[in-house]
Amino acid sequence: MTDQGFRMPEMPDFPLNDPPAPEPPVPPAAPPVSQPPQMQQPVTQIPEIPRIQPIPPVQPIPPVQSVQPVQPDQSVQPIPPVQPVQPVQSVQSVQSDQPVQPVSQGASASPDTPTQINPAGIPATPIPPVQPRPVYPQNPYAGPAQQAMPQPPFRQPVPPPRNTVPPVPRTYDDFSPDTKRILALPPITTREAESCRHRLENRWYRRLILLNVFLIMLTIALVATSMDDYRKQVANLTASVLADAAHGSDDEDDDYEETSRADYEEFAEDLPLGFQMLGYGIALMTIGYIALYYLNAQVRAQSIKITENSFPELHALIRSYASRLGVPIPDAYIVNESGVLNAFSAFLYRRQYIQINSEIVEVAYREHKDMNALAFVIAHEMAHIYYGHATLHYNVWIWFSTRLPLFSQIASRTREYSCDRLAQRLTNYDGLGAMLMLIADRHLYHMVDVQDYLNGAARETGFFIWLVNLFSDHPIMTKRIRALADWNGHGELY
């Protein structure tokens, strides 16, 4: 670049006048139209096309003037001179807990820990060494092309979210105050336990035994009196079957099977009443005994057993009840029954077990932290085991009489009153919350005013109330809660 500036190269001069454009060819004239001679005229010539104007010549670009220096009084400030960069000093590896100190010139930096240094010569935070990329195992079933592809990064399995439910207490110190209070209660003497029994329970149990013996004796008497008729029917059936078999084998009758079936149906209809009752009794005992083991297997297959590790607080309660009552420790299971609030005790040969629905356990651990209600329910079932209600030798004497209506319901109500009273002694708790939970569900029973309910229950009387209670195997709640509120005495059966 000089003072003259840049110059554009000179363009060659173009002629001002372009050569004349060639004339367009004249199209041939159209053939004359057949007209009269006087109408024909000469064809005129096509007008000439105007000529294109010439392009004006390109004017040359004026030369660029030189840049004038900026005057000092103008707004543009001069650029300060660049300071020379100081020589880089090597540093040693810097520890995370020590300040960064420069190293004397001539020392070499650690090759394992590279360090960034700014232009001012101050070393920055050391850069950590690059970690080698992990090598992932190849898929042995993939082809060469797939094995050459980069493997996806390995991801640790995400743990499931922790349960928000408070953990189950594991030691005695973690137990609730209500549980500690119940565990500290003294043992129950035989006299105290018998005083809790309903005054009509033994009487109705003896009545059921007599009724059961009466049914057995009646069956034996009917069988003995109808033995001759039974033998005749068996002989007639045998002769008919043999005759039908001979007839069917000789004549090849197609109605042989229908005739045999009709003979057996007629024999069953004409069977004496005593033999019918005997067959019903044998089937009832056999099927009922097998059903006990089937029910126990179903509970064990679909439940969680209460042990010292699973629900140790409940296990401590059951063990304490068994020790205070002097009975063996029964097995206890928690079963999900889809919202049904219930618990029961059952038996097998020489052993018993308790089933507690999980909805009742939630009252103690999730809903209201009400351990008293759950302890009362468990104590009620332990009372059934103590009184022998859930044993085989107790039920075998009333096996048939409990199938009769009305008598079995009355006896069952006496047993429930006895177990409620003994559960109060075992827990030193009135049990009203547990009963209200069975009525209003586990979510709402704490909102019920107990005294208001007792006042209303005293007014719930009448014929139909009496009729409902008569055919119920448990006392109706109005009578049952009033009996618990009294703490003494015996509940109303009728």
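The values are calculated or read from the model by the stated rules, or taken from the named source; none is laboratory data. Predicted, not measured: the structure shown is a model, and the values here were computed from it. Ideal geometry is used to build each Cβ from the backbone, glycine not excepted, and the neighbour counts take in all protein chains shown.
Quick rundown of the values:
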| read-out | value |
| --- | --- |
| Within the range 417-432, tally of residues that are at negative phi and buried (at least 22 other Cβ atoms within 10 Å of the Cβ) | 9 |
| Single residue of 439, 410 found to be at pLDDT 90 or above, surrounded by fewer than 16 Cβ atoms within 10 Å (Cβ to Cβ) and either among the aromatic types (Phe, Trp, Tyr) or in contact with a helix residue (DSSP H, G or I) (Cβ under 7 Å, 6 or more places away or on another chain) (or both) | 439 |
| Selection within the range 325-343 - touching a residue at least 40 places away in the same chain (Cβ under 8 Å) and assigned to a strand (DSSP E or B) | 332 |
| Complete set of residues in the range 346-405 that are among the aliphatic types (A, V, I, L, M) and in a strand (DSSP E or B) | 346, 348, 354, 356 |
| Those helices (runs of 4 or more DSSP H) lying entirely in the range 407-494 with at least 2 residues more than 35 Å from the chain's Cα centre (by Cα), over 20 Å from residue 385 (Cβ atoms) and hydrophobic (A, V, I, L, M, F, W, C) | 407-427, 450-458, 463-470, 477-486 |
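Residue-wise test of (1) closer than 30 Å to residue 281 by Cβ; (2) in contact with a His (Cβ under 6 Å, 6 or more places away or on another chain); (3) at pLDDT below 90; (4) not in a helix (DSSP H, G or I).
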position	(1), (2), (3), (4)
173	no, no, yes, no
198	yes, yes, no, yes
205	yes, no, no, no
210	yes, no, no, no
224	yes, no, yes, no
233	yes, no, yes, no
